[in-house]
Amino acid sequence: VVKRQGDSGQEMIELPTPCAVTCSNDMNDPRIPNLKGIMASKRKPIDQVEISSLGIDEAELQADTKVTSYEEKPARQAGKKYEGEAEEVAREVAQLLDTEANVL
C-alpha cells in the first residue's frame, strides 16, 4: 500500500510487487529527538517477529537479482610530497593543477 498526496487529498494505492516508487524532496522532515525521548527509547522493548509467524515463504523474501559482473576498485596511487619554499611549491602545485588536473 502506497500513500500519495493528490490534488483532491491523500490517496492510498495498493500495488503488486515488484514495483517502483519515487519520492519527492519534502517526503521526510526529520525530527531532532530531545533528551527525554532518547532516554525513553533505551527502555523501550524491541519486538522480534519470526518470518514463519507471518505466513510468508522465506523463498519469496530472497532478492530476485543476479550479479552479472564485478570489478574491484583500482588501487589508489601514492600522493606527491612537495618540499621547498612556499612560493616555489605553490607555483609548482598551481602548474600541476592547470596541466594535469585541468582545474585552473
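The values are calculated or read from the model by the stated rules, or taken from the named source; none is laboratory data. Owing to the predicted nature of the structure, the values given are computational and were not obtained by experimental measurement. All Cβ positions, glycine included, derive from the backbone under ideal geometry; neighbour counts span all protein chains shown.
Among the numbered criteria (1) touching a helix residue (DSSP H, G or I) at 6+ places or on another chain (Cβ under 8 Å); (2) surrounded by 10 or more Cβ atoms within 10 Å (Cβ to Cβ), which one does Glu83 miss?
(2)
Which condition number in (1) at pLDDT 90 or above; (2) touching an Asp or Glu at 6+ places or on another chain (Cβ under 9 Å); (3) among the β-branched types (Val, Ile, Thr) is the one that Ile51 fails?
Condition not satisfied by Ile51: (1).
Return the pairs, sorted by first residue and then second, in which the second residue is among the hydrophobic types (A, V, I, L, M, F, W, C), the first residue lies in region 67-89 and is at pLDDT below 90, the beta carbons are less than 8 Å apart, and the residues are 6+ apart or on different chains.
Tyr82/Val89; Tyr82/Val93
Of the residues that make up region 34-46, is at least one in contact with a strand residue (DSSP E or B) (Cβ under 9 Å, 6 or more places away or on another chain), at negative phi and assigned to a loop (DSSP other than H, G, I, E, B)?
Step one: of region 34-46, the residues in contact with a strand residue (DSSP E or B) (Cβ under 9 Å, 6 or more places away or on another chain) are none.
No, there is no match, as no residue in region 34-46 is in contact with a strand residue (DSSP E or B) (Cβ under 9 Å, 6 or more places away or on another chain), at negative phi and assigned to a loop (DSSP other than H, G, I, E, B).
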